[in-house]
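The next block holds one structure in the form of structure tokens; read it before the comments.
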Amino acid sequence: MRLRPFSWKDILFLSGLFLCGLILTAGLYLFSKNGQYVRITIDGAEYGTYSLDEDQRIPVEQDGSMINVVRIEDGTARMEQATCPDGLCMRQGAISREQQTIVCLPHKLVVEVCGTHEKEYDTVSQ
Amino acid sequence: MKRNMTQSASSAGGFVKRVPYLGMALALALICSYVEALIPLPIGIPGIKLGLTNIVIVVVLYLGDVRDGVCVSVARVLLAGFFFGNLYSILYSMAGAMLSLIVMEGLRRTGQLHLISVSAAGGVAHNVGQFLVAALVVENYRILYYLPVLFLAGMLTGVLIGLVACEILRHLPQQLISVLTDSKRE
């Protein structure tokens, strides 16, 4: 089968696409700051907020059974344990900057880093 | 009116001829889904996959037309969801697959871009679509943070998928290609 040859249009298109990705990345990284505390939500409902300054181990319970364990250490938070089938949340690493999140989709659990002042980026970024 | 009827009748006939090949494509796409479910990428970011299935979808889109792509894609998402996933994964996949198909078909129709560019845009669209639905389900727009990662990953995998699809289209037997493309024009 004959296909259209690769041309300068493609180079232009692909670099444009790549640039969009870079701008998105740069935009979100540049405007992030070190957070003060983490907020844990389950299915959109707040479970609790915890300071990033003190090292702690936070067991998250749902319906009486423990589903996740969040560990705060040296100002960063990470998922230490999880009962979800894929365990992807444990591999998302440690977070410390504002707006960073760890998501456990099977449990609809979100760990999110917040700053001192709550800014509503949501309506702007939509 | 009469003309319309004969047209739709003959295109339905063309579709029937293509069904075995679409079935084969669906089987291939499902195998790709299975292989992908077996080897998750050790990156730890949900939503980042190689997207092997998209090879099949891109090839079908280029050999047949957008209807073939939609048929194979919808069937693939539903079946793969029932086999290897759950209701939510069907939701995410469907959003990604449909957005990706729309974008790829739109770009392909312009006739200006190479398959690799089309596939790269499709990969980005796939991830963005999936991401938007995930953001709605979790009801937390802060996971916006992942969007750039997904965007770039989608582009990278899209280019790779495009390269593979290109080679497949180049080496597919002419016989198979003419069955698909002739029945399309009938």
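The values are calculated or read from the model by the stated rules, or taken from the named source; none is laboratory data. Quantities reported herein were computed from a predicted structural model and do not represent experimental measurements. Methodologically, a virtual Cβ is constructed for each residue, glycine included, from the backbone with ideal geometry; neighbour enumeration extends over all protein chains shown.
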### Task
Examine segment A:80-87 for a residue that is buried (at least 16 other Cβ atoms within 10 Å of the Cβ) and part of a helix (DSSP H, G or I), and state whether such a residue exists.
no
### Selection status of B:Val133, at the interface with chain A (Cβ under 9 Å from one of its Cβ atoms) and closer than 23 Å to B:Glu36 by Cβ
no
#### Entry: Identity of the residue in segment A:88-100, surrounded by 16 or more Cβ atoms within 10 Å (Cβ to Cβ) and in a loop (DSSP other than H, G, I, E, B), that ends up farthest from the other protein chains (Cβ to nearest Cβ)
A:Ser96
### Task
Would you mind finding the one in B:Ile102, B:Ile57 that is in contact (Cβ under 8 Å) with a residue 40 or more places away in the chain and under 20 Å from B:Gly162 (Cα atoms)?
B:Ile57
### Subset of segment A:40-59 (residues that are among the charged types (D, E, K, R) and not in a strand (DSSP E or B))
A:Asp43, A:Asp53, A:Glu54, A:Asp55
### Query
Scanning for something out of contact with any strand residue (DSSP E or B) (no Cβ under 6 Å at 6 or more places or on another chain) and under 21 Å from B:Val58 (Cβ atoms), does segment A:26-41 turn up at least one residue?
no
### Task
Please indicate, with yes or no, whether at least one residue in segment A:6-18 is part of a loop (DSSP other than H, G, I, E, B), without any contact (Cβ under 8 Å) to a residue 24 or more places away in the chain and facing chain B (nearest Cβ under 9 Å).
yes
### Summary
Across segment A:1-36, the tally of residues that are over 30 Å from B:Leu176 (Cβ atoms) and either touching a Phe, Trp or Tyr at 6+ places or on another chain (Cβ under 6 Å) or hydrophobic (A, V, I, L, M, F, W, C) (or both) stands at 15
### Task
State whether one or more residues within segment B:32-40 are of a type in the set (Gly, Ala, Ser), in a helix (DSSP H, G or I) and closer than 30 Å to A:Ile95 by Cβ.
yes
#### Entry: Filter pass, A:Thr41 being under 16 Å from the mean Cα position of the chain (by Cα), buried (at least 18 other Cβ atoms within 10 Å of the Cβ) and away from chain B (no Cβ under 14 Å)
no
### Task
Specify which of the listed residues (B:Leu152, B:Leu144, B:Leu156) is surrounded by fewer than 24 Cβ atoms within 10 Å (Cβ to Cβ), within 14 Å of B:Leu52 (Cα to Cα) and either modelled with pLDDT of 90 or more or within 11 Å of chain A (Cβ to nearest Cβ) (or both).
B:Leu156
### Query
Mind checking which pairs have a first residue in segment B:167-179 that is touching a residue at least 60 places away in the same chain (Cβ under 8 Å) and closer than 17 Å to B:Gly23 by Cα and a second that is assigned to a helix (DSSP H, G or I) and charged (D, E, K, R), Cβ under 8 Å, 6 or more apart or different chains?
B:Val179/B:Lys17; B:Val179/B:Arg18
